[in-house]
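Everything on this sheet refers to the single structure shown next.
The values are calculated or read from the model by the stated rules, or taken from the named source; none is laboratory data. The structure displayed is predicted, hence computed values, not measured ones. For neighbour counting, all protein chains shown are included, and Cβ atoms are generated from backbone atoms with ideal geometry for every residue, glycine included. Please note that ligands, DNA and RNA were not included when accessible areas were found on the heavy atoms of the full protein model with its side chains. Shrake-Rupley method; radii C 1.70, N 1.55, O 1.52, S 1.80 Å.
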Amino acid sequence: MQLHQLRWSHGEATIVATACTVTDLTFHLPNGPFRPFARAPWVGKIDDPSITGHLRVLSGDFVGLPFGTGGRTAPNLPEWSSLMGQPDNGTIHGPAAHYDWTLVSADETSVTWALDYEAHSVVRRLERTITARQGVPALDFTLKLFARHKAPTSVGLHPNFRLPEKPGRLELDIGFAFGLTHPGLTLSPDTHEFSSLTAVPKDGGQVDMSHVPLSPRSDYNVQLCGVTTPLTGRYLDEGAGFELDWDRDLLPTLMFWHTDGGITGEPWNGQFRALGCEPLAAAFDLHTDVSTAPNPINRRGVKTWIDIDPAKPVEIHHSVRGFNT
């Protein structure tokens with residue numbers, strides 16, 4: 001598998017061709033090395049082509065376009081279930097998260113990869129540049145989308161951060177207008193909406209998602225809508241943390257994919273623990289047809305798609321910075 005390594009004054013990173021994934025990242029902080037990203041234990045050990053590309057290398061940061069898949073249900077939320085009749089589209093998070101990208105240019109501090117989409121796609125090409133920020137423990141990302149036709153499409157970024165072993169020892173801070181639990185995971189009589197990460201509806205009660213992992217260990221997805229600030233995460237037992245920042249005008253929501261060993265089957269086998277912190281122009285991880293149609297999020301003025309146009313590529317920026325606390 002083709003890969004490229006970045007090395008700069010404040011860190012090291014490895015990016016592989018499959019799904020253009022950042023598989024390793026170490027920031028050199030004053031208090032020592034800090035590795036914020038998750039990494040599945042099977043990375044580098046499987047090459048089964050029947051397993052979606054990004055799952056084979058599941059780790060730090062990749063892109064989904066179109067974002068999500070079909071085959072979901074929302075048995076307790078009629079306002080969602082009426083929209084969710086699409087079958088599974090077969091490629092979770094689209095070609096960007098499945099195929100090997102082509103290396104365009106690279107040096108020790110920056111790398112650009114590209115992926116050409118199939119002729120039937122409204123997207124013609126993606127280019128993704130990952131740059132080390134000189135003098136700072138940070139990576140800067142630029143995703144450039146070239147369109148074949150004018151169209152709406154869902155899109156998402158997919159950074160995955162480490163979960164500490166002890167419950168509640170990753171502290172999260174972010175501003176948002178309203179939050180929603182995943183339609184497929186909302187059980188009656190739970191409410192669907194919340195206004196604070198400290199009181200998220202779950203299993204007839206509430207959980208504090210400002211401090212993860214949850215206890216007892218469980219998998220849960222929520223989406224924060226109308227995000228107003230970067231996301232800050234602090235590892236309370238490590239004296240270090242991260243800031244995730246992005247173009248919130250283009251991607252106005254953030255989905256938390258809290259997965260704590262609850263997924264079975266290959267290659268998971270109950271081994272993967274991470275907090276996916278996913279800036280989106282999408283409605284959860286649902287089919288792109290749900291995101292680009294009227295839905296309960298965009299009816300409230302929070303866009304769940306981007307508009308692409310052959311006349312002007314769309315650029316989406318995000319960054320991950322490390323710091324000591």
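Compute and list, largest first, the equivalent-ellipsoid semi-axes of the stretch 143-248 from the alpha carbon gyration tensor, each √(5λ) rounded to a whole angstrom.
Details: eigenvalues 136, 85, 31 Å².
Computed over the stretch 143-248, the values are 26, 21, 13 Å.
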With all protein chains present, the stretch 172-313 has a carbon and sulfur share of its accessible area (1.4 Å probe) in percent of 48
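In debye, nearest 20, what is the charge dipole magnitude of the chain about its Cα centre with +1 on Lys and Arg Cβ and -1 on Asp and Glu Cβ, if you could check?
Values: 26 positive and 36 negative charges, 41 e Å.
Computed charge dipole of the chain: roughly 200 debye.
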How about Lys150: which lysines have a C-alpha closer than 19 Å to its C-alpha, ignoring those fewer than 8 places off in the same chain? Lys303, Lys312
Please report the projected area of the stretch 1-88's Cα convex hull averaged over all directions, in nm². 8.8
What residues of the stretch 50-81 lie in the reach of a label at Ala293, counting those whose backbone N is under 17 Å from a point 7 Å from the Cα along Cα→Cβ? 67-75, 77-81
In the neighbourhood of Phe27 defined by beta carbon distances under 13 Å, the net charge of the other residues (Lys, Arg +1; Asp, Glu -1) is +1
Scan the stretch 159-199 for GluC sites (Glu not before Pro) in coil per DSSP, keeping those whose Cβ has at most 12 other Cβ atoms within 10 Å, and list them by number. Glu165
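How much of the pair distance distribution for the stretch 129-186 lies past 14 Å, counting alpha-carbon pairs only, in percent?
On the way: 1317 of 1653 pairs.
The share of Cα pairs beyond 14 Å in the stretch 129-186 comes to 80 percent.
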If you scale each eigenvalue of the Cα gyration tensor by 5 and take the root, what three semi-axes come out for the chain, rounded to whole angstrom and sorted largest first? 27, 25, 19
For the stretch 57-116, build the convex hull from the C-alpha positions and give me its volume per residue in Å³. 126
Averaging over every viewing direction, what projected area does the convex hull of the Cα atoms of the stretch 50-200 cover, in nm²? 12.8
Just to confirm my numbers, what's the Cα centroid distance between the stretch 241-282 and the stretch 116-194 in Å? 7
Quick one: if you stick a label point 7 Å off each Cα along the C-beta vector at Asp48 and Asp116, how many nm between them? 3.2
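Excluding ligands, DNA and RNA, what is the solvent-accessible area per residue of the chain at a probe of 1.4 Å, expressed in Å²?
Numbers: 12930 Å² over 325 residues.
About 40 Å² of surface per residue is accessible.
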His28-Gln206 pseudo-label distance in nm [points 7 Å out on the Cα-to-Cβ vector]: 4.6
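Would you mind calculating the relative contact order of the chain from Cα pairs under 8 angstrom and at least 6 residues apart, reporting the percent as a whole number?
Working: 885 pairs, mean separation 63.8, N = 325.
In percent, rounded to a whole number, it is 20.
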Can you tell me the Rg and the Dmax, both Å, for the Cα atoms in the stretch 100-160? 13.7, 43
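What is the gain in length, in nm to one decimal, between Lys144 and Leu187 on full extension, counting 0.36 nm per residue of separation less the C-alpha to C-alpha distance?
Numbers: separation 43, 0.36 × 43 = 15.48 nm, distance 3.86 nm.
Using 0.36 nm per residue and subtracting the Cα-Cα distance, I get 11.6 nm.
If we count every other residue with Cβ under 12 angstrom of Glu266's Cβ, Lys/Arg +1 and Asp/Glu -1, where does the sum land? Spell out each step's value before the answer.
On the way: positive: Lys45, Arg56; negative: Asp48.
Net charge in that neighbourhood comes out at +1.
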What 222 nm value per residue comes from the helices of the chain, counting each DSSP H run with n ≥ 4 as -39,500 (n - 2.57) and dividing by all residues, nearest 500 deg cm²/dmol? -500 deg cm²/dmol
